[in-house]
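Report on one structure; see the data block that follows.
The numbers here are math on the coordinates, done by the rules we state, and not lab data. The shown structure was predicted, so the numbers you read here are calculated from the model rather than taken from an experiment. Cβ atoms come from the backbone with ideal geometry, glycine included; neighbour counts cover every protein chain shown.
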Amino acid sequence: PTTAQAVVTGPVMRPNGLEYHPRLMAGTTLPDVTALRRLREAGVAALLYGPPGTGKTSVVEAAFPDCVTVQGDGDTVVADLVGDYTKTPDGEFVFVHGPLVRAMREGVPLFIDDATLIPPTVLAVVYPAMDGRRQIVIKANGGETVNAAPGFYVVAGHNPGVHGAVLTDALSSRFSVQVAVSSDYDLADQLGVDRKAVRVARNLATRQERGEVGWAPQLRELLAFKKVATVLGIDAAAANLVGIAPEEDRDTVAAVVRDAFGRTVTPLALGARITPTTP
C-alpha cells in the first residue's frame, strides 16, 4: 500500500522530534493522520477548526512532515504567500518566491494556519492553485505562471473563537472536508498530567459548551501545567492555570481550581524582595 493508504497504528514523530498520538476521525474507522493523507491523495482540501492548543498543527505536521507552513494573521499580504523582491548584497533586486510557490513546485502540502485571520482578498491568491487549474499567476513578477506539481495540497486551520477570524463562504467552499478538533483529555491523562488539572479542564470545557465561560484549558495548557509542576511544584502550576485564563473568566477558573485542588490559589506574581542573609 502507498503511504496514504497505510493505516497508522501508533504514535507518529513530528519534525520537531515530539510524538503525535493519532485519534480516530469521527464517522470513520481511520486515524486522523491516515485520513488526512488519503484526502491529500484524493485532492480533497481539509479545514481543521477548533480552539488554540487542541492539536491542529500537530496532526498536520504528523500527517505531512514535509509541509510548508504559513502563519496567517491580519497583516498577511499577497507577497507573504507568493514572494516579493529583495535587495541583494550587490544592490540588485531579485524576486524571491514565497511559501505557496515553493509548496506548488515541490509538490508538498501547504498548511495555512489561522487562515481565517488573513484578509479574504489576500487569501484568494491561493484559490486558483486549489481548483482544477492548479496554477497561479504572479503579477508582481511579470505575470509569471506557476503550476502545481503532483502532491501539492492545501490544508488550513481555523480558530472560531479568536477575534477577527472570519470563515467566509468563499473560503468554506474551497474546503470540502471540515473537521472539528477538540482537546483529547484522555491523552492528557495518559501523558501523566495531574488528574486534578485534567478534571479542571473537563469541568471548564463543559461550562464553555454551555456558554457559562469563554475559556477552557486545552491539551497545550495541560502539557504546560505538567512542565510547570515539575519545575515549580503543583501549587505554582495551579496558580499559573488561573493566571493564564482571560481576565473575564479568571474568577470562574479560580473557583474550579479551588474545588479540584482543595485550596485557593492566586495567579503567579513576584513578592517582596529577598533580603540577603548574613553568614
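Relative contact order of the chain, please, whole-number percent, based on alpha carbon pairs below 8 angstrom and at least 6 residues apart.
On the way: 455 pairs, mean separation 46.0, N = 279.
The normalised contact order for the chain reaches 16 percent.
Note on region 68-149: percent of Cα-Cα distances in each 5 Å bin, starting at 0 and stopping at the bin with the largest distance, equals 3, 15, 25, 25, 18, 8, 4, 1, 0.
If I stretch the segment between E144 and V166 completely, what's the gain in nm (0.36 nm per residue apart, minus their alpha carbon distance), one decimal? Intermediate values should be presented prior to the final figure.
Numbers: separation 22, 0.36 × 22 = 7.92 nm, distance 3.05 nm.
Taking E144 through V166 to full extension adds about 4.9 nm, to one decimal.
Please work out, to two decimal places, the log10 of the ratio I(q)/I(0) at q = 0.07, 0.15, 0.16 Å⁻¹ from a Debye calculation in which every Cα of the chain carries one identical scatterer. Here log10 of I(q) over I(0) equals -0.34, -1.13, -1.22.
Taken over the C-alpha atoms, region 185-261 has Rg and Dmax values of 11.3, 34 angstrom.
For A260, what is the net charge nearby, where nearby means another residue's Cβ is under 11 Å from its Cβ and Lys, Arg count +1, Asp, Glu -1? Residues near A260 contribute +4 overall. Counting only lysines at least 8 places from K56 when in the same chain, those with an alpha carbon closer than 30 Å to its own are K196, K226, K227.
Think of each Lys and Arg Cβ as +1 and each Asp and Glu Cβ as -1; about the Cα centre, that makes the dipole of the chain roughly 580 debye.
Backbone geometry of region 29-42 corresponds, through the Karplus equation with coefficients 6.51, -1.76 and 1.60 at θ = phi - 60°, to 3J(HN,Hα) couplings of 10, 9, x, 4, 4, 5, 4, 5, 5, 6, 5, 4, 4, 8 Hz, x marking Gly and Pro. Summing Lys and Arg as +1 and Asp and Glu as -1 over all other residues whose Cβ lies under 13 Å from the Cβ of G214 gives a net charge of -3. When the alpha carbon coordinates of region 53-196 are projected onto the principal axes, the ranges are 60, 38, 32 Å, largest first. For K139, the lysines whose Cα comes closer than 21 Å to its Cα, not counting residues fewer than 8 places off in the same chain, are K87.
Ranking request for peptides 112-121, 238-247: highest mean number of other beta-carbon atoms within 10 Å first, then the rest in descending order. Write down the numbers at each step before the final one.
Working: 112-121: 20.6, 238-247: 19.0.
Going from most to least packed, we get 112-121, 238-247.
Summing +1 for each Lys or Arg and -1 for each Asp or Glu among the other residues whose beta-carbon sits under 12 angstrom from that of I244 gives -1.
Take the chain and mark each of the trypsin sites (Lys or Arg not before Pro) that is in a DSSP loop with at most 11 other Cβ atoms within 10 Å; the longest unmarked stretch, sites excluded, is 1-262.
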